[in-house]
Amino acid sequence: RVRDYENRTVEEFSVNSNVYMVRITPSAGAPYYLVDTDGSGDMEWNRGQPGFDMQVPQWALLSW
């Protein structure tokens, strides 16, 4: 699923209706990825909640 916003494009990648990765392409800058590490299909946002690991955006440094 692809959603366009004013300042970014969000692409969701899924298998069997479970989202495993989201690619965000800002209008200015390099695209970055958010990955579902536990395989639940639910992209958790745990901002400021103690006891949860923080998901850091990932950038592709090299591709061919």
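Read-outs: derived from the displayed coordinates by stated rules, not from any lab. Keep in mind the model is a prediction, meaning the values are calculated, not measured. Every residue, glycine among them, receives a Cβ derived from its backbone with ideal geometry; neighbour counts consider all protein chains shown.
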Tell me the label-point distance for the pair PHE13, TRP59, using the 7 Å Cα-to-Cβ offset, in nm and rounded to one decimal.
1.9 nm
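Please give the contour-minus-distance gain from TYR5 to THR37: 0.36 nm per residue of separation, less the Cα-Cα distance, rounded to one decimal in nm. Could the numbers behind the result be given before it?
Details: separation 32, 0.36 × 32 = 11.52 nm, distance 2.56 nm.
So the chain would gain 9.0 nm between TYR5 and THR37.
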